[in-house]
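Taking it in order: structure first as structure tokens, then the write-up.
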Amino acid sequence: MIRPLFFFLFVATLSAQNNCYWQQHVDYVMDVDMDLKKHQYRGTQKLTYTNHSPDTLNKVYYHLYFNAFQPGSEMDQRLQEMKDPDARMVHNIGTEENPIYESRIALLQPDEIGFLKVLSLEQDGVPLTYHTEGTLLVVTLNQAIFPGEKTVFDMTFLGQIPQQIRRSGRNNKEGVALSMTQWYPKLAEYDFEGWHTHAYIAREFHGVWGDFDVTLHLDKKYVVGGTGYLQNPQAVGHGYEDKAQKIIYPKGKKLTWHFLAPNVHDFTWAADPKFHHDILDTESGTRLHFLYKKNLKKKYLKNWKALPSKTSELLAYYNSHVGPYPYKQYSVIQGGDGGMEYGMCTLVTGERSFGSLVGVVAHELAHSWFQFVLATNESKHPWMDEGFTTYVSNYAENHVLKLGNPNPNSDSYKSYFQLWDYHIEEPLTTQSDAYHYNYAYSVGSYSKGALFLAQLEYVLGKENVDKTLQRYYQKFQFKHPSPNDIKRTAEKVSGISLDWYLNYWTQTTHAIDYGVSLESPTQILLQRIGRMPMPIDLSVVYRDGTTENFYIPLLMMRGEKPTTATRLKDWSWVAPQYRIATEKKIDSIVIDPLEMMADVDRSNNSWSSAQQIKKQTDKN
């Protein structure tokens, strides 16, 4: 046990300030030897763990993600129980009209399954007692870890790479040999809520911030890309080397790849003997790597050749609109089963149209801000990483591809409305694996999560939302921000209270629905029909042809957004109706003319004399 000299001062400080933010820290040193004929690997792991919490720890837990890819695992059982399982993970043995889904995991043979087996584990040189529970290793400590202390865990482990089914694995549908994601015994996170020991069911993750020192040994023909900075480029080549210097290959059939990754919370890599490797150095100083199969069809190769410049533009957009990317490199790698974000890299399927390829990279690159710098617990709050990423990548894609969409998040509104129509929505506070329907998880996390910010433009004003994201990034980078952190940041930027907004939009499924009608030629009646209250932007055209815009804040906002509209008295959420008297006769009225509010029934958001004449004519 490593007990630093500042231990007692640290404990005293925590006792006096036990409400202060803290987070744990890990330092991984791993050495891994790959046996690609058996699809297995052996590794050693030295993990130095620093307990920054105010608590004494008597146990620790490791995630063993590859154990999910075994018949009978919790992931397998979940697939067989869901009504709409992920199509990548099942076979439909029924018909399109009456599907019958069969789990691909249930069909895996012994040489196709994945596993992670811990062969030995010591704490400060003394063997530990541990046991495996599915995708979790439960470890009882010999020596408790006190607040402020460090301890060192030494492990040996054996892994088998599963046939590609979800994110990780070998030989994906596009022929990429190795997609090594969530591949090592990974220490679980302990934070102010306690241990996060959820089983791996195929969705999201949560990890401990730290430094990684990873050495890989694998066949010389394989090209590797992933997290971290390569420390020995002249010993591996494959496009990483300095062309002005000589490559010195080691003897034997394998190359040794040595990576360092500071201040990340995961380490990912992919490899293939037919990877082509392109590099682009950007104006910001970040080096972009692109690894993709040499034998792609011409139309796909053309897309990958055009991708670097667009990726550079996306990087510049995020640097400008969110904050500077803090690492020196980022890799876009063909692999996986769609698109997934990791530290300093992404794995994406490569056989796509150019627009689709740019779109998936726009989304996954944005995750470097919203998950790999702002590391929310995406298992518990998937709407924060997926939704915020969707919001900002929609803007970036619109900009880079010059799509000209006046509302880049319009598709997120459409998806949310469709989910509402299906009546299967669940609150965004639902844990990611616990959603009853995959569709409800996807639309909730991605689309409704994006609308959290898109609607804030309506509530606070676009400029305040832009400032909120930048301040949020500055304050919470390299931490684990929670929903309250984005809410409080927005409140401090705008001066508007948002407790109601966070509650209604993320903790309930209450919908927004407002209606407007005319009680007399000069009196407007507004009605709150849905259960979620909102401030109201109203545009009125008078019979003399003039227009007047009105703004009605919610009383519980305790503030107002910047606007040139005529400000009316606040509307209390307890009042279902609100009346406005005008001095001139009214010709037409529109609630939320820019359609920034996610009103589930927009058919009653407008009134006009022309509509009334048509209705009367139709009636007659």
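Accessible area per residue (1.4 Å probe, heavy atoms of protein chains only) ranks PHE476, PHE290 as PHE476, PHE290, with the largest value leading.
When a 1.4 Å probe is rolled over the protein heavy atoms, the share of accessible surface on the chain that falls to carbon and sulfur comes to 51 percent. Among the protein heavy atoms, those of SER356 account for about 50 Å² of accessible surface (1.4 Å probe, every chain in place). Peptide packing for 204-216, 134-146 was compared via the average number of neighbouring C-beta atoms within 10 Å per residue; ordered from the highest value, the list is 204-216, 134-146.
Mind checking the full-extension length gain between THR56 and ARG579? Use 0.36 nm per residue of separation minus the Cα-Cα distance, one decimal, nm.
So the extension gain works out to 182.3 nm.
Remark: the Cα gyration tensor places the range 429-568 in the oblate category, a/c being 1.5 or greater and a/b not exceeding b/c. As a calculated quantity, the FRET efficiency between ALA87 and THR547 at R0 = 51 Å, using C-beta atoms, amounts to about 0.55. Taking only the alpha carbons of the chain, we obtain Rg and Dmax values of 27.2, 93 Å in that order.
Principal semi-axes of the equivalent ellipsoid, √(5λ) from the alpha carbon gyration tensor of the range 211-284, are 19, 16, 13 Å from largest down.
The packing ranking, built from the mean of other Cβ atoms within 10 Å per residue, places the peptides 103-112, 246-255 in the order 103-112, 246-255, highest first.
With a ≥ b ≥ c the root eigenvalues of the C-alpha gyration tensor of the range 455-504, is it rounded (a/c under 1.5), prolate (a/b larger than b/c) or oblate? Because a/c hits 1.5 or more and a/b fails to exceed b/c, the range 455-504 counts as oblate. In terms of the mean number of neighbouring beta-carbon atoms within 10 Å, the peptides 544-550, 273-279 order highest first as 273-279, 544-550. Find how many whole Å separate the alpha carbon centroid of the range 241-264 from the alpha carbon centroid of the range 452-491. Taking the Cα centre of the range 241-264 as reference, the centre of the range 452-491 is 41 Å away. Qualifying trypsin sites (Lys or Arg not before Pro) in the range 524-620, where qualification requires a DSSP coil assignment and no more than 10 other C-beta atoms within 10 Å, comprise LYS569. Listed cross-link partners LYS475/LYS561; LYS467/LYS561; LYS46/LYS253; LYS243/LYS302; LYS38/LYS220; LYS254/LYS298 are compared with a 20 Å cut-off, the Cα-Cα value being larger for LYS475/LYS561; LYS46/LYS253; LYS243/LYS302; LYS254/LYS298. Whole angstrom only: what separates the Cα centroid of the range 177-209 from the Cα centroid of the range 82-138? Rounded to whole Å, the Cα centres lie 14 Å apart.
Between THR522 and GLU426, the FRET efficiency from the beta-carbon distance, with R0 = 35 Å, is close to 0.20. When only Cα pairs below 8 angstrom with a gap of at least 6 residues are kept, the chain shows a relative contact order of 10 percent.
Note on exposure: ILE100, ILE580 ranked by accessible area (1.4 Å probe, complete protein assembly) read ILE100, ILE580, with the most exposed listed first. Excluding ligands, DNA and RNA, the accessible surface per residue across the chain is 42 Å² with a 1.4 Å probe.
The values are calculated or read from the model by the stated rules, or taken from the named source; none is laboratory data. Quick caveat, the model's predicted, so the values are computed rather than measured. Every residue, glycine among them, receives a Cβ derived from its backbone with ideal geometry; neighbour counts consider all protein chains shown. With ligands, DNA and RNA removed, areas are computed over all heavy atoms of the protein, side chains included. Shrake-Rupley method; radii C 1.70, N 1.55, O 1.52, S 1.80 Å.
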